[in-house]
1. With contacts defined as alpha carbon pairs under 8 Å and 6 or more residues apart, what's the relative contact order of segment 13-274 in percent?
2. Restricting the count to DSSP beta bridges whose residues both fall in the chain, what percent are antiparallel, rounded to a multiple of 5?
3. Given axes a ≥ b ≥ c from the Cα gyration tensor, I'd like to know whether segment 174-276 is rounded (a/c under 1.5), prolate (a/b larger than b/c) or oblate.
4. Under 10 Å, Cα contacts only: if you run a Gaussian network model on the chain, which one of 66, 200, 49 comes out with the highest mean-square fluctuation?
5. Just from the alpha-carbon atoms, what are the Rg and Dmax of segment 13-274 in angstroms?
6. To the nearest 10 degrees, how steep is helix 152-164 against the longest Cα principal axis of the chain, on a 0 to 90 scale?
7. So how do 98, 54, 28 line up by other beta-carbon neighbours within 10 Å, fewest first?
8. Taking other Cβ within 10 Å of each residue's Cβ, how do 160, 33 sort, fewest first?
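No value in this document is a laboratory result; all are computed from the given coordinates. A quick note: this is a predicted structure, and the numbers were derived from the prediction, not measured. Reconstructed Cβ throughout: ideal geometry from the backbone, glycine too, with neighbour counts over all protein chains shown.
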């Protein structure tokens, strides 16, 4: 979850956590088991968002610090969980945050954030190098994010909607705010930073979207797809693009037995270690 410099903060904790994607913080059993939080652990949570998952981990560890690039998310975090450390940090430049990247953490944790943070090829190494420097020797980075093919049907529908509005396809593709790598691409990135890869997996996780007001597939596109929509010149064009994408997806993900909508999330999980 990342608002970046010179870009508007697209995030709302209320829309994100209550209307569109409450499942992000709840469908975490496997990655939390890989994290294996211990009472002696000091953990850096990269891309903590509104702090819901961070707060669930906090009672089980010595210390946890949440970082997110969105001022809106961190404001909510600090108001809701004032007893937990959190701050606004653009983690694309984590390696420059010297008071955190000095080898003080046992684990770096990230859930549903790296596909935003690592979007720009030129800053990927900054983030992973920062994670490496934040860890004690022997420390672990434990991450879950979108894998190659994640939400592919929604991704394609949004791009096609922009093209229908007259945006050149190259520009529509370039507006994507995400990087969904293969496991091998992620492994190469973290190993280039000096990590030793311990394990990884890509797993299909079909996910039902909420039926809350302001949620569903339309709410999903309006929130997570906002960087796409922002390249359109008018609100009318943005609304038309959303309608097109929703209409395209209607028979792709609609469950006929209960009218819910399912999106094909593919999750990339990994654990890597800073060598002793």
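1. Values: 505 pairs, mean separation 57.9, N = 262.
Answer for segment 13-274 is 22 percent.
2. On the way: 20 of 38 bridges.
Looking only at bridges with both residues in the chain, the antiparallel portion is about 55 percent.
3. Working: a/c = 3.39, a/b = 1.76, b/c = 1.92.
It is oblate, given that a/c is not under 1.5 and a/b is not larger than b/c.
4. Fluctuation is largest for 200.
5. In Å, with Rg to one decimal and Dmax whole: 18.5, 55.
6. The two axes meet at around 50 degrees.
7. 98, 28, 54
8. 33, 160
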